Amino acid sequence: MKIFWVKNNNIRELSGTAEQNIRKALIYLRLQVFRLNYLRGTKRNKMKGSANMTDQQHAAYIYLNRIGKLNQKINMLEQRYEQMRESAMNAGALRYDKDPVQCSPEDKLSRIVCDYLTLNDHINEEIDRLAAMKVDAVGVIRIACGESEQRVLIERYVYIQSVKAVASVINIQPRSVFRIQSRALQQLGEYLSKESCG
């Protein structure tokens, strides 16, 4: 299978296996979508340290921070899932001291189980999306950054570790993690803007 790449009105055939070429094309398309969404009007959020970030660093931060936000969403959904599971386990108990109502326990239990299974499917879809985001991010980081910058960005944003935890894993000082992270975000941001414009 041949895949052709059009960049700056030049057509060229991609070298590599079909799987590698498809992966490159998907990363490029996702970068284009990210760039369009970013340029569409996302104003710089007031986050910690954003005043000191360049536009490239901020774009890279937003690109990588999607992973953390989706991870938080999955954690909240899993908490809700556990609450629903507990609710389903306790749904069979009837209280006879209350006024009688028209619904039967089976109706309530079937509704809870249906909601429970629907939520389970939604969580699994979000986990798949998170895994795809992580694979894309690691691919882009490996292309755009040097070795030490790769380690810091992957630990911080893909594995979602604190600065202190990254420092202990890499065996450097926390302030060095901040310095390397800043340099890495700049490199990644420059790569993202170059790829999305070209």
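The values are calculated or read from the model by the stated rules, or taken from the named source; none is laboratory data. Just so it is clear, the structure is predicted and the values come from calculations on it, not from any experiment. Backbone-built Cβ (ideal geometry, glycine too); neighbour counts: all protein chains shown.
Quick look at the values:
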read-out: Residue pairs meeting the criteria (Cβ under 8 Å; at least 6 apart or on separate chains; first in contact (Cβ under 8 Å) with a residue 40 or more places away in the chain, in segment 151-166; second assigned to a loop (DSSP other than H, G, I, E, B)); value: LEU153/CYS145
read-out: Unmet criterion (only one of (1) outside any helix (DSSP H, G or I); (2) modelled with pLDDT of 65 or more; (3) surrounded by 13 or more Cβ atoms within 10 Å (Cβ to Cβ)) for TRP5; value: (2)
read-out: Evaluation of ILE172 against (1) part of a helix (DSSP H, G or I); (2) of a type outside the set (Asp, Glu); (3) farther than 26 Å from ILE27 by Cα (one fails), failing number; value: (1)
